[in-house]
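These notes are about the structure you will find just below.
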Amino acid sequence: MKQGFKELFNTTDFKWGGLTLPLFLGMLFVTLFVVYLPFGGKESGFFRANFLTVLAILSVFGIFFGEIGDRIPIWNEYIGGGTVLVFFMSAVMGSYNLVPKNILDSVKIFYSKNPVNFLEIFIPALIVGSILTVDRKTLLKSIVGYIPLIIIGVFGAIIGGVTAGLVFNKTPLDIIINYVLPIMGGGTGAGAIPMAEMWAQKTGGDPKTWFAFAISILTIANVIAILTGALLKELGKKKPHLTGNGELMITKVAKVEEVKKTETETETEKVGQQEFAAALFFTGIVAIIANICSVFWSSLNLPFEIHRLAFLVIVVILLNISNVVPDRIKAGAKKMQTFFSKFTIWILMAAVGFGTNVQEIINAFTLSNLIIAIAIVLGAVIAIMSAARALKFHPIEAAITAGLCMANRGGSGDIAVLGAADRMSLISFAQISSRIGGAMMLILGSVVFGLFA
């Protein structure tokens with residue numbers, strides 16, 4: 001379990017999102033005062049609807065529920081911790097009008113009802129930072145051998161999901177769009193959220209509609225993936241020939257130690273504000289290039305479109321492989337990615353939650369969805385274990401990394417799965433699954449949404 005409640009209420013430690021308890025309580029008081037106290041006969045009262053104010057309000061709600069969620073036993077290990085609690089509690093508050101309408105309207109603008117919204121910087125920062133900082137040699141090796149393993153797992157997930165879906169009279173297309181894509185999409189920040197935007201662009205619907213179900217089914221699959229990791233650990237003890245005891249590759253030449261490090265070597269160097277700023281500006285230009293590619297592709301009037309975020313993934317992969325980006329920029333990109341993924345995810349989840357109908361989430365927790373999620377996860381695992389030896393991988397380690405680490409909640413899910421499987425040495429390959437594998441699912445999602453959604 002993460003830091004307990006006793007430490008959380010220590011008045012001298014910086015446990016509340018980097019704040020001490022007295023300082024956070026002061027911020028909470030100001031937030032509640034502005035949100036709930038009308039003044040001068042105006043509904044808005046003291047609330048001033050601008051980017052900074054909404055950011056601050058969402059951060060307070062996010063820190064409050066996030067820090068608590070990270071400390072609830074069982075919840076923090078198997079359900080998703082603070083990130084999921086922030087989303088669910090915000091959804092409850094928004095759905096049952098526990099927050100004034102003017103606040104909710106401002107959050108919608110902050111999140112998705114404005115071309116200049118928070119997602120426009122959050123998603124590119126995660127994509128550029130995550131892919132660009134994978135070690136180039138590891139990226140090349142993984143494309144040759146490990147990437148096919150991931151693809152096999154995705155096909156296995158589709159077969160498992162479609163087979164279970166037929167039992168419940170669900171079409172194969174429904175299973176792929178609403179089940180397989182979110183579960184195998186690399187988590188929330190760089191997976192479900194951009195996929196929701198892609199879905200909305202192709203269908204004209206509200207991204208929260210797709211996302212509400214996506215995060216629910218992803219949460220179910222995350223729990224299943226963690227439990228399956230523990231089961232595979234026990235299987236390895238009973239069937240030693242199926243496991244490498246922490247080593248993924250069978251060949252002696254390419255042992256885990258050779259690919260242990262997936263982050264750029266400059267990650268450990270001191271990264272200052274200049275590197276951070278340079279990486280942020282660089283990300284903006286790369287995003288512009290990706291948009292140019294998307295516009296040009298659309299002008300060709302081909303049978304399907306490729307989303308600008310999918311082009312962003314492709315461009316960054318090419319930049320990494322070509323090795324044209326200086327190490328200082330890569331180090332800054334890693335710092336940028338860490339900032340957005342670690343320190344702003346609760347803000348974003350609060351924003352998404354406030355605009356989500358909680359009843360849609362409740363409706364997702366059905367017996368049919370549980371069985372379909374299990375079938376998707378097990379389908380990926382079985383397919384990978386069947387093909388692993390042919391690709392010179394140990395079956396159990398392959399299933400854990402290329403399968404379970406695709407079907408969980410991304411980075412935090414990787415840690416939980418590897419911890420349950422006692423295979424933390426495989427974190428490199430787990431990150432490739434979440435990052436590169438998740439990026440591949442974005443591309444697949446862009447194509448599927450464009451053709452069938």
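The values are calculated or read from the model by the stated rules, or taken from the named source; none is laboratory data. Owing to the predicted nature of the structure, the values given are computational and were not obtained by experimental measurement. In this analysis, Cβ positions are derived from the backbone assuming ideal geometry, glycine residues included, and neighbour counts consider all displayed protein chains.
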ARG308 passes all but one of the listed conditions (1) buried (at least 23 other Cβ atoms within 10 Å of the Cβ); (2) in contact with a strand residue (DSSP E or B) (Cβ under 9 Å, 6 or more places away or on another chain); the exception is number (2)
Per the filter on region 319-333, residues charged (D, E, K, R) and surrounded by fewer than 22 Cβ atoms within 10 Å (Cβ to Cβ) are ASP327, ARG328
Could you say which residue among ALA399, ALA373, ALA350 is at pLDDT 85 or above, buried (at least 24 other Cβ atoms within 10 Å of the Cβ), under 21 Å from the mean Cα position of the chain (by Cα) and farther than 28 Å from ALA230 by Cβ?
-> ALA350
Test: PHE304 is in contact with a Gly (Cβ under 9 Å, 6 or more places away or on another chain), more than 30 Å from PRO100 (Cβ to Cβ) and at pLDDT 95 or above = no
Identify the single condition in (1) farther than 22 Å from ASN291 by Cα; (2) polar (S, T, N, Q); (3) out of contact with any helix residue (DSSP H, G or I) (no Cβ under 8 Å at 6 or more places or on another chain) that THR356 does not satisfy, given that it satisfies every other one.
-> (3)
Between a first residue in region 1-30 that is more than 18 Å from GLY69 (Cα to Cα) and at pLDDT 90 or above and a second residue that is among the hydrophobic types (A, V, I, L, M, F, W, C) and surrounded by 13 or more Cβ atoms within 10 Å (Cβ to Cβ), which pairs have beta carbons less than 7 Å apart while being 6 or more apart in sequence or on different chains?
-> MET27/VAL60
Here are THR163, THR209: which of them is out of contact with any helix residue (DSSP H, G or I) (no Cβ under 6 Å at 6 or more places or on another chain), in a helix (DSSP H, G or I) and closer than 21 Å to THR83 by Cβ?
-> THR209
